[in-house]
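Take this structure, written in structure tokens, and hold onto it; I'll ask about it next.
The values are calculated or read from the model by the stated rules, or taken from the named source; none is laboratory data. A quick note: this is a predicted structure, and the numbers were derived from the prediction, not measured. Every residue, glycine among them, receives a Cβ derived from its backbone with ideal geometry; neighbour counts consider all protein chains shown. For the accessible areas, the whole protein counts, side chains as well, though only heavy atoms, and no ligand, DNA or RNA atoms are used. Shrake-Rupley method; radii C 1.70, N 1.55, O 1.52, S 1.80 Å.
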There are 2 protein chains.
Amino acid sequence: MKLATLRNGSRDGALVVVSRDLSRAVSAAAVAPNLLTAFENWSQCEPRLRALFDDLEAGRAGGAFAFDQAAALSPLPRSFQWIDGSCFKNHLRLMALATGRDPEPEMNSPHPLMYQGMSDDFYAPRGDVALPREEDFIDFEGEVGIIIDEAPMGTRADEADWYVKLVLLINDVSCRAFVKREISLGFGWMHAKASTTFSPVAVTPDELGDKWDGRVHLPLRVERNGTLFGQPDASQMSFSFYQLIEHAAHTRKLAAGTIIGSGTVSNVEYQSVGSACIAERRSIEAIEQGGAKTPWLKFGERVRMEMIDPKGRSIFGAIDQQIVRYARP
Amino acid sequence: MKLATLRNGSRDGALVVVSRDLSRAVSAAAVAPNLLTAFENWSQCEPRLRALFDDLEAGRAGGAFAFDQAAALSPLPRSFQWIDGSCFKNHLRLMALATGRDPEPEMNSPHPLMYQGMSDDFYAPRGDVALPREEDFIDFEGEVGIIIDEAPMGTRADEADWYVKLVLLINDVSCRAFVKREISLGFGWMHAKASTTFSPVAVTPDELGDKWDGRVHLPLRVERNGTLFGQPDASQMSFSFYQLIEHAAHTRKLAAGTIIGSGTVSNVEYQSVGSACIAERRSIEAIEQGGAKTPWLKFGERVRMEMIDPKGRSIFGAIDQQIVRYARP
């Protein structure tokens, strides 16, 4: 099953069911007005949404219409919780080496790195990324993520698959100028990580077939201004999403609609597959060429992220955004 | 005006207007079903809530009933954003000294310390604090906080007073066993800071009279098991709430209903006024007596927090909670 949220003037948008090929959609208003509400009662809503999806695939859904990714908001335009891991050891290693830190402690930690992100206002997948200053060193981060049903405190990795309801892509927009100060203070990201973007479509894990086992075993294609920037495979995640759920639930329960991210997808074969963020490429340049060359994003630049299945079809639709200067209303 | 949220079986509770002396309440359902919804359209809702408050104070509110703090949830039982400062230099100094760190960088920073907290599930002010293990070193933190209307990115401190709509008390429950690891990783709090508690009642800033100017100029009384633990004055906040809004809005807009906390209230006169968290008292013991003595919270212990106005009246009602072992449903 595939789901999306269409712009309708409300903060939470309107829930629609999307066909597997992303060409058509049908309103899910009879089930729930929006995805956040559906997650309040997912066990009741999911079978009814799946029935709509089956009707849509069979060509018998009344009121079906052409699905336009540009009309989509993030599947959850806001949520009560968004937490993001940093679970690709290759990325951690490169970032540490480039800044003269010993990468071993992070790489060998039994605990995933994870931060609490802001969840009150996500960008639209085809909307603008609006930020105040190029001097804040604007970057993208290509990730995969999940949306879960309510999980009790103490949920273990070996029982966590039940809670994973949807999978999606993420552009964790970052302002790198603040990273050094904020990481040294230890209190996590405030200025460096503001609004995040999610793919136009979120899909149930079964849509990924054997490419899902708690990790997503497919490459994430990242373009900058229409040119391939990287296509690392998400397989190399050093902790599974099940382990991330266990970590997150250690001293808290997790609300229905909690979104959990993988962190920047990164591969040891970075020379051939490239990177999913500018910071990693700059780290590689610093390590191998003595200095970073690739510039941070400027206003007017575009970033695109998409994941293609083995038959060549887009699974989640494409994040495709322009970076613009924030205009205060 | 004073507001509270009563338990009604829904996650967001039922909004009520509370009398100044906290003895009576009246349903605000005709204005908004809950406070989160009221914040979606605060400029429309506030005058209607104030009219209800005036009626209640004048004894002409139809359907008024006795207000029971034990029936209250946190004013926002959940929100889309909760961000917490650590803005009492005395606290920062003591915590740094006790762990052998140089306190000067934090104390002289032009930027407030601030973390993104989990906002999907707050404790009820008279409910239990349910955590899995005493060995996680359970602590309380007495704080003051605000709830704001939507603030645009780039909001400056000198214009921030307009956005402050409500003031309340906070018990930022902490699991201290995780502090060292999480602060050293730099990604902020996941295990150390889970659900938070807010006072039964939130009040508009005018209710504080000349005790409000972007800081709250009153002592916060903290009791452990019925014995006074500390009563530091919140005046000594090193950044005002207006400065916290400016800091938070640097690369993001802030959603209506965002809650911002002061961090543990702490005074340079800690010898006479005590502390608002166990960690600070243990730090003082470590510095002055060579070792921490005061134990962390055990299951069955109680914590109470209240702020009394110059005429001896409780402003926000009292947080009064028992620490219990989390029972997985």
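(1) touching an Asp or Glu at 6+ places or on another chain (Cβ under 6 Å); (2) surrounded by 22 or more Cβ atoms within 10 Å (Cβ to Cβ): which one isn't true of B:Pro219, the others all being true?
Result: B:Pro219 passes all but (2).
Of the residues that make up segment A:261-274, is at least one away from chain B (no Cβ under 14 Å), over 19 Å from A:Cys175 (Cα atoms), buried (at least 18 other Cβ atoms within 10 Å of the Cβ) and hydrophobic (A, V, I, L, M, F, W, C)?
yes
So, one more: What tally of residues in segment A:277-291 results from selecting those that are of a type in the set (A, V, I, L, M) and either under 20 Å from A:Asp128 (Cβ atoms) or free of Cβ contacts under 8 Å to residues at least 40 places away in the same chain (or both)?
1
Just to check your reading of the model, which residue among B:Ala151, B:Ala157 is within 21 Å of the chain's Cα centre (by Cα), under 22 Å from B:His111 (Cα atoms), more than 8 Å from chain A (Cβ to nearest Cβ) and surrounded by 20 or more Cβ atoms within 10 Å (Cβ to Cβ)?
Residue meeting the stated conditions: B:Ala151.
Which of the residues that make up segment B:182-205 are in contact (Cβ under 8 Å) with a residue 24 or more places away in the chain and either of a type in the set (Asp, Glu) or more than 8 Å from every other protein chain (Cβ to nearest Cβ) (or both)?
Result: B:Lys193, B:Thr196, B:Thr197, B:Phe198, B:Ser199, B:Pro200, B:Val201, B:Ala202, B:Val203, B:Thr204, B:Pro205.
Turning to a different aspect of this structure: Among B:Ala249, B:Ala255, which is the only one that is open to solvent by 10 Å² or more (accessible area, probe 1.4 Å) and within 11 Å of another protein chain (Cβ to nearest Cβ)?
Criteria check complete, one pass: B:Ala255.
Under 9 Å by Cβ, and 6 or more places apart or on different chains, what pairs join a residue from segment A:301-329 that is more than 14 Å from chain B (Cβ to nearest Cβ) with one that is of a type in the set (Asp, Glu) and open to solvent by 60 Å² or more (accessible area, probe 1.4 Å)?
From segment A:301-329, the pairs are A:Arg313/A:Asp21; A:Ser314/A:Asp21; A:Gln321/A:Asp128; A:Gln322/A:Asp128.
Oh, and also: Is it the case, given these coordinates, that A:Arg11 is touching a residue at least 12 places away in the same chain (Cβ under 8 Å), open to solvent by 60 Å² or more (accessible area, probe 1.4 Å) and within 26 Å of B:Ala256 (Cα to Cα)?
Yes.
Name, by its number, the condition in (1) open to solvent by 20 Å² or more (accessible area, probe 1.4 Å); (2) away from every other protein chain (no Cβ under 14 Å); (3) within 29 Å of A:Tyr115 (Cα to Cα) that does not hold for B:Gln231.
So B:Gln231 meets the others, but not (3).
If we keep just the residues of segment A:166-181 that are open to solvent by 10 Å² or more (accessible area, probe 1.4 Å) and touching a Phe, Trp or Tyr at 6+ places or on another chain (Cβ under 6 Å), which is nearest to the other protein chains (Cβ to nearest Cβ)?
Here the answer is A:Ala177.
Also, quick follow-up: Filter segment B:17-34 down to the residues that are assigned to a loop (DSSP other than H, G, I, E, B) and of a type in the set (A, V, I, L, M) and list them by number.
Of everything in segment B:17-34, those that are assigned to a loop (DSSP other than H, G, I, E, B) and of a type in the set (A, V, I, L, M) turn out to be B:Leu22, B:Ala28, B:Ala29, B:Ala30, B:Val31, B:Ala32.
Do the conditions hold for A:Ser10, that is, is it farther than 26 Å from A:Ala276 by Cβ and not in a loop (DSSP other than H, G, I, E, B)?
For A:Ser10, the condition - farther than 26 Å from A:Ala276 by Cβ and not in a loop (DSSP other than H, G, I, E, B) - is not met.
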